[in-house]
Amino acid sequence: MRIGVEEEFHVLEVESGLLVPRADAVLRRLPKRTFTTELHRSTVESNSGVHTSLDDLHADLAETRRRLDRAAASSGLAVMAAGTAPLAPAATAHPTADARYLHMSEEYRKVADEQLICGAQVHVDVPDRDTAVRAMCTVAPWLPVLLALSASSPFWQGADTGYASWRTLLWQRWPTAGPAGCYASAAEYDAAVQDFVQAGVISDPGMIYYDVRPSDHLSTLELRICDACPRAETVVLIAGLFRALVTEAREQLSAPRAPHCDGRHEWLRGAAWRAARSGLEGTLVDPETHREAAAEQVLRKLIVRLRPALEAHGDWETVRTLAHQALAEGSAARRIRRAAQDEDLLACVDMLVAETRGERGHRRAARPVPAGGARPAAGPRALPQVIGR
């Protein structure tokens, strides 16, 4: 069961830390097969290779971030992986000059204008589309835990929103965002998607923005609930957990008595809200009891539950170690707030740029590029040594 990742990055002006619509200046220095545009010209998207091991995925993500950093630095810019940019200006529409994106901007107006957000998507192999659609219901209850791990967007337009993932609240304004619900087959799911298209709610199936969905063009199940993550290690942790969830779902669906869905999914939206509000630092909704519980307790329960699937892929030690580090150090949202409290919002930006690059620390590390070349790129920070065991 191979995995791949799509990551979105904000493009910033180095000195001010503000978003700038200059993705084209970065992308012209990068290969189109790996890097591409997004809805806004202040965002760059990367596409990883396809991998079977978490250490290979980490090496890929680290190299991608180094290439992005070099391309941005050569134009006096920086790139940052986070759900929102702490110093995003009041939303001004700078849609990418693509017919689809221009239509979205005109049709959805302020909803589209304020999508100055970045996410991380994880793809996991599935044998067929029916399996992908049926697995959505099985993995859905645990997805808010993955959102809490990724939470990296407490600030919006210079103000603390009180949320760990404000990106989630902005994202859920799309008409097709949120929990997917249950479908008995791919045909049933595709018919529901076509209903949205024929009703004029969306223009194409690619605008289905559920927390998890079957890919429209790959034989994968795609996780879409997460913020972009400053640290590549967080993406690796989430990818390992999601692959294990999909593995567990496939095993349950192939069992003689497949799990039964009671059709009640209303609580999932509330669970996602709770994760967006609290991140790792508060409480989550326990998927098994539907009761409030400490985030650490729910995450540890998930890891224990998934141990057989994690061990089957050789991911157990890596995921356990990375999860322990995440709980010990706190979410990106917590680190961002601490930087703002200790210094200011520009320090938050510096920290996020440095972590995206693979460094720790947040003092004014990003400086204009000296005449004659880009600043030296830092090598990737190694994953815990359990990788590869």
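The values are calculated or read from the model by the stated rules, or taken from the named source; none is laboratory data. Predicted model only: the values in this text are computed from it and were never measured. Using ideal geometry, Cβ is built from the backbone for each residue, glycine included, and neighbour counts are taken over all protein chains shown. Remember, those area values only see protein heavy atoms, side chains included, never the ligands or the DNA or RNA. Shrake-Rupley method; radii C 1.70, N 1.55, O 1.52, S 1.80 Å.
Looking at this structure, is ILE202 in a loop (DSSP other than H, G, I, E, B), hydrophobic (A, V, I, L, M, F, W, C) and open to solvent by less than 40 Å² (accessible area, probe 1.4 Å)? Before you say what the answer is, go through the steps one by one.
Details: in a loop (DSSP other than H, G, I, E, B): yes; hydrophobic (A, V, I, L, M, F, W, C): yes; open to solvent by less than 40 Å² (accessible area, probe 1.4 Å): yes.
Here the answer is yes, as ILE202 does meet what is asked.
Is there a residue being under 30 Å from ARG320 (Cα atoms) and among the small types (Gly, Ala, Ser) anywhere in region 207-220? Quick ask: steps written out before the conclusion?
If we filter region 207-220 for residues that are under 30 Å from ARG320 (Cα atoms), which is where we start, we get 209-215, 218-220.
Keeping just the survivors that are among the small types (Gly, Ala, Ser) gives 215, 219.
Yes, the conditions are met somewhere in region 207-220.
Check TYR163, TYR189 and return the single one that is open to solvent by 20 Å² or more (accessible area, probe 1.4 Å), over 16 Å from GLY4 (Cα atoms) and either of a type in the set (Phe, Trp, Tyr) or without any contact (Cβ under 8 Å) to a residue 40 or more places away in the chain (or both). Give the derivation first.
Values: TYR189 fails: open to solvent by 20 Å² or more (accessible area, probe 1.4 Å).
Criteria check complete, one pass: TYR163.
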Which residues, taken from region 214-224, are open to solvent by 10 Å² or more (accessible area, probe 1.4 Å) and under 14 Å from the mean Cα position of the chain (by Cα)?
ARG224
Looking only at region 284-311, filter to residues that are closer than 18 Å to HIS324 by Cα and of a type in the set (D, E, K, R); which one of those is least open to solvent (accessible area, probe 1.4 Å)?
LYS301
Residue within region 278-295 that is assigned to a strand (DSSP E or B) and among the polar types (S, T, N, Q) present
yes
Filtered residue count, region 142-170, keeping only those that are under 15 Å from LEU268 (Cβ atoms) and touching a strand residue (DSSP E or B) at 6+ places or on another chain (Cβ under 9 Å):
7
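Please give the strands (runs of 3 or more DSSP E) falling wholly within region 1-74 in which 3 or more residues are of a type outside the set (Val, Ile, Thr) and in contact (Cβ under 8 Å) with a residue 60 or more places away in the chain. Steps first, please.
On the way: elements: 3-13, 35-37, 43-47.
Filter on region 1-74 gives 3-13.
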Looking at region 119-130, is at least one residue out of contact with any His (no Cβ under 6 Å at 6 or more places or on another chain), surrounded by fewer than 24 Cβ atoms within 10 Å (Cβ to Cβ) and either without any contact (Cβ under 8 Å) to a residue 40 or more places away in the chain or on the phi > 0 side of the Ramachandran plot (or both)?
no
Expected output for region 226-238 (first residue outside any loop (DSSP other than H, G, I, E, B), partner among the basic types (Lys, Arg), Cβ below 7 Å, 6+ apart or cross-chain) is ASP227/ARG167; ALA232/ARG65
Among (1) over 30 Å from HIS265 (Cα atoms); (2) surrounded by fewer than 24 Cβ atoms within 10 Å (Cβ to Cβ); (3) touching a residue at least 24 places away in the same chain (Cβ under 8 Å) - the single one GLU107 does not satisfy
(1)
Taking the stated definitions as given, is ARG100 farther than 25 Å from MET351 by Cβ, among the basic types (Lys, Arg) and surrounded by fewer than 21 Cβ atoms within 10 Å (Cβ to Cβ)?
yes
Report, ordered by the first and then the second residue, all pairs with beta carbons closer than 9 Å, sequence separation of six or more or different chains, a first member in region 319-335 that is at positive phi, and a second member that is open to solvent by 70 Å² or more (accessible area, probe 1.4 Å) and part of a helix (DSSP H, G or I).
GLY330/ARG338
Which numbered condition in (1) open to solvent by less than 10 Å² (accessible area, probe 1.4 Å); (2) of a type in the set (D, E, K, R); (3) in contact with a Pro (Cβ under 9 Å, 6 or more places away or on another chain) is the only one that ARG335 fails?
(1)
